[in-house]
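The values are calculated or read from the model by the stated rules, or taken from the named source; none is laboratory data. Just so it is clear, the structure is predicted and the values come from calculations on it, not from any experiment. All Cβ positions, even for glycine, are placed from backbone atoms using ideal geometry, and neighbour counts span all protein chains on display. What goes into the accessible areas is simple: the full protein's heavy atoms, side chains included, and nothing from ligands, DNA or RNA. Shrake-Rupley method; radii C 1.70, N 1.55, O 1.52, S 1.80 Å.
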Amino acid sequence: MTGLELEWQKSSFSSAGGEQCVEIAAYADTVHIRESDEPTLIARANRRTFAALITGLKAGAFHC
């Protein structure tokens with residue numbers, strides 16, 4: 001995405017210190033996801049896949 005300036009939003013669960021924040025930015029049908037301490041490493045998903053991820057996270061479908 002050369003030349004495109006994305007508008008990043010931090011997660012409401014991120015600490016006030018600014019480190020270790022999950023950030024997302026939407027453009028067209030793509031959602032971009034990154035961690036603030038590694039801003040050049042960006043994961044991308046379409047909106048439908050991202051919505052499924054959020055639904056799974058809320059439901060506790062992923063165990064670490």
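Just a few scattered comments:
- Within segment 7-16, the set of residues being modelled with pLDDT of 90 or more, open to solvent by 70 Å² or more (accessible area, probe 1.4 Å) and in a loop (DSSP other than H, G, I, E, B) comprises Glu7 only.
- Of the criteria (1) more than 14 Å from Leu6 (Cα to Cα); (2) touching a strand residue (DSSP E or B) at 6+ places or on another chain (Cβ under 6 Å); (3) not aromatic (Phe, Trp, Tyr), which one His32 fails: (1)
- Taking every residue in segment 31-45 that is of a type in the set (A, V, I, L, M) and pairing it with any residue that is in a loop (DSSP other than H, G, I, E, B) and surrounded by 12 or more Cβ atoms within 10 Å (Cβ to Cβ), at least 6 positions away or on another chain, the pairs with Cβ-Cβ distances below 8 Å are Ile33/Ile42.
- In segment 17-56, residue most open to solvent (accessible area, probe 1.4 Å) [restricted to those that are of a type in the set (Ser, Thr, Tyr) and not in a helix (DSSP H, G or I)]: Thr40
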